[in-house]
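Participant: I have a structure I would like to understand better, so I am pasting it below and will then ask my questions one at a time.
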Amino acid sequence: MADLFGKTTLPKQIPTELHPTLALIRKAKSDKAAVRVAYDVVTRRFHGRRALTYLLGWRVLEKDVQQIWSRPGYLHCTTMNYLLRVLLIGSGRFSEKDIRERWTLVLGISPHQYVQVHADSTWISIDPWSKGYGISFGEHASGFRGTVFRKP
């Protein structure tokens, strides 16, 4: 069930298409490296776009992992973060208490979610949706940070 202001329940079973990625996360040399693997997989397959956030607003309610995974391209920030949670917790390296969902405003008006992951004794901000706007691993968008237009 989708919940815009609380954590979405994780699936009871993770689709087999994600099992190779879970294995990569498990094999990472450190927790931070494991988070990086999950981030890289999600950002290679999916991206954020400001205009599509509004044009495809109804998609924010999608939580079927298999359906989401089978359609690369645009995802809402909340859906990308949901996939990160599925991968990190599904790998067995992390638990719910290791992942915090956070909210901020982008461009002063648009609500935006990113996550913080507890890895190697520190909290790391992760914002896969904003990667295309110049926000790097370990940072998150807020206010007017990042580029105005998406980078190719």
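The numbers here are math on the coordinates, done by the rules we state, and not lab data. Predicted model, so just to flag it, every value in this text is computed and none were measured. Cβ atoms come from the backbone with ideal geometry, glycine included; neighbour counts cover every protein chain shown.
Participant: Using θ = phi - 60° and the Karplus curve 6.51 cos²θ - 1.76 cosθ + 1.60, what whole-Hz ³J(HN,Hα) does each residue of region 26-34 get, with Gly and Pro shown as x?
Facilitator: Rounded to whole hertz, the list is 4, 7, 4, 6, 8, 5, 4, 5, 5.
Participant: Which distance in nm do the two modelled labels at residue 16 and residue 61 give, with both placed 7 Å along the Cα-to-Cβ direction?
Facilitator: Simple spin-label model gives 3.1 nm for this pair.
Participant: Using a cut-off of 10 Å between beta-carbons, work out the net charge of the residues near residue 73 (Lys and Arg +1, Asp and Glu -1, residue 73 not included).
Facilitator: +3
Participant: Still on this structure, please answer the following. Enumerate the amide H contacts of residue 74 below 5 Å, restricted to partners 5 or more residues apart or on another chain; note that Pro and chain-start residues carry no placed amide H.
Facilitator: Residues meeting the criterion, in which the H sits 1.01 Å from N, are 47.
Participant: Mind ranking 115-125, 79-89, 14-24 by how tightly packed they are, going by the mean number of other C-beta atoms within 10 angstrom, highest first?
Facilitator: 79-89, 115-125, 14-24
Participant: Let me ask another. Relative contact order for region 16-133: what percent, with Cα pairs under 8 Å and sequence separation of 6 or more?
Facilitator: Working: 153 pairs, mean separation 35.7, N = 118.
Relative contact order here is 30 percent.
Participant: I want the local charge near residue 97. Using Cβ-Cβ distances under 14 Å, sum +1 for each Lys or Arg and -1 for each Asp or Glu among the other residues.
Facilitator: Working: positive: 7, 85, 93, 100; negative: 31, 96, 98, 101.
Within the 14 Å Cβ shell, the charges total 0.
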